[in-house]
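Peer 1: Let me begin by handing over the structure; questions about it come next.
The values are calculated or read from the model by the stated rules, or taken from the named source; none is laboratory data. If you're wondering where the values come from, they're calculated on a predicted model, not measured in any experiment. Every residue, glycine as well, gets a Cβ built from its backbone with ideal geometry; the counts of neighbours run over all protein chains shown.
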Amino acid sequence: MNPSRKMALAGVAAISAVTWLALSRWIPLADTVAPEKPGPIAWRQGAPTDTVTDSEKIFERAFWRRPGNDDHIQHAERHEWRDADGLERWQWFLVVSASTGLIQYLRDDNAFGLVPASSAPVVSEAPGWFRFKPEDFTVLRASHGGMCLMFSKSDNTLYATDSGRGFTKGAPEPAPAAQGAQSPGRIPSTPPPKLKP
């Protein structure tokens with residue numbers, strides 16, 4: 001092959017490579033397109049009256065312990081619905097880069113008595129950052145459907161959620177008994193009368 005022909009082929013190869021690189025930056029491939037940004041949350045019973053974003057506080061209320069030095073909370077949010085009587089309903093969401101100690105406590109020691117589940121729940125009121133591929137996670141879930149923990153199969157990422165009702169008002173206290181009246185079955189407060197011989 002003569003030298004001029006080698007130079008021409010090298011030039012064509014170089015131009016092709018530069019063109020391919022330039023076009024690949026401007027035209028994204030189908031599997032590299034960014035996912036569509038989730039829209040606003042469609043609340044089932046209206047928007048929450050309070051949204052808590054104090055990640056440490058949410059972590060403590062969720063797992064009954066403080067985060068360790070190696071627990072890194074990526075996202076945390078708690079929604080609360082209140083009325084004049086107090087808390088009606090709540091739900092929280094967490095994404096944590098969990099330490100081995102936290103994984104041991106939640107998954108291996110099973111601190112909350114959860115059972116393996118075949119799939120993660122679909123939570124319509126979850127924040128936009130609470131998205132994951134279910135097939136990449138193992139799931140532990142409360143048998144009654146409350147708390148759900150999703151452990152990544154490839155790293156130490158933990159997705160967690162729970163929801164529940166608030167507090168119901170207790171029954172009103174009974175009216176206090178009158179001072180002089182004695183309730184049946186109680187020991188009298190005065191000694192019995194003394195009989196004269």
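Peer 1: Taking the residues in the stretch 124-163 that are of a type in the set (Ser, Thr, Tyr) and part of a loop (DSSP other than H, G, I, E, B) as candidates, determine which candidate is farthest from ALA111 (Cα to Cα). First the steps, then the outcome.
Peer 2: Taking the stretch 124-163 as the starting set, the residues that turn out to be of a type in the set (Ser, Thr, Tyr) are 124, 138, 143, 152, 154, 157, 159, 161, 163.
Pick out the ones that are also part of a loop (DSSP other than H, G, I, E, B) and you get 124, 143, 154.
Values: SER124: 27, SER143: 14, SER154: 22 Å.
By that ranking, first place goes to SER124.
Peer 1: Can you tell me which residue is farthest from the chain's Cα centre (by Cα) among those in the stretch 86-103 that are more than 25 Å from SER152 (Cα to Cα) and surrounded by fewer than 18 Cβ atoms within 10 Å (Cβ to Cβ)? Spell out how you get there, then give the answer.
Peer 2: In the first step, residues of the stretch 86-103 are kept if they are more than 25 Å from SER152 (Cα to Cα); the result is 86-90.
In the following step, the residues that additionally are surrounded by fewer than 18 Cβ atoms within 10 Å (Cβ to Cβ) were identified as 86-89.
Numbers: GLY86: 22, LEU87: 19, GLU88: 19, ARG89: 15 Å.
Result: GLY86.
Peer 1: Okay, moving on. How many residues does the stretch 99-123 contain that are under 26 Å from VAL52 (Cα atoms) and not in a helix (DSSP H, G or I)?
Peer 2: Selection size over the stretch 99-123: 8.
Peer 1: For the stretch 104-136, name all the residues that are touching a residue at least 40 places away in the same chain (Cβ under 8 Å), aliphatic (A, V, I, L, M) and closer than 17 Å to THR157 by Cα.
Peer 2: Hit for the stretch 104-136 is LEU106, nothing else.
Peer 1: Scan the stretch 45-98 for residues that are assigned to a loop (DSSP other than H, G, I, E, B), touching a residue at least 40 places away in the same chain (Cβ under 8 Å) and in contact with a Leu (Cβ under 9 Å, 6 or more places away or on another chain) and jot them down. Even if it seems obvious, please write down each step before you answer.
Peer 2: The initial filter retains those residues of the stretch 45-98 that are assigned to a loop (DSSP other than H, G, I, E, B), namely 45-49, 53-54, 64-71, 84-85, 98.
In the following step, the residues that additionally are touching a residue at least 40 places away in the same chain (Cβ under 8 Å) were identified as 45, 64-65, 85, 98.
ARG65, ALA98, listed by residue number.
Peer 1: Then there's this: Name every residue in the stretch 104-152 that is loosely packed, with under 11 Cβ neighbours inside 10 Å and either of a type in the set (Ser, Thr, Tyr) or closer than 19 Å to ASP71 by Cα (or both), in order of residue number.
Peer 2: Within the stretch 104-152, ASP108, ASP109, SER118, SER124, SER143 qualify.
Peer 1: Just a yes or no: is a residue in the stretch 74-85 surrounded by fewer than 16 Cβ atoms within 10 Å (Cβ to Cβ), at pLDDT 65 or above and in contact with a Phe, Trp or Tyr (Cβ under 7 Å, 6 or more places away or on another chain)? Give the derivation first.
Peer 2: Here is the first cut: in the stretch 74-85, the ones surrounded by fewer than 16 Cβ atoms within 10 Å (Cβ to Cβ) are 74, 82-85.
Going one step further and asking which of them are at pLDDT 65 or above, we end up with 74, 82-85.
Next, only the ones that are in contact with a Phe, Trp or Tyr (Cβ under 7 Å, 6 or more places away or on another chain) stay: none.
No, the stretch 74-85 contains no residue that is surrounded by fewer than 16 Cβ atoms within 10 Å (Cβ to Cβ), at pLDDT 65 or above and in contact with a Phe, Trp or Tyr (Cβ under 7 Å, 6 or more places away or on another chain).
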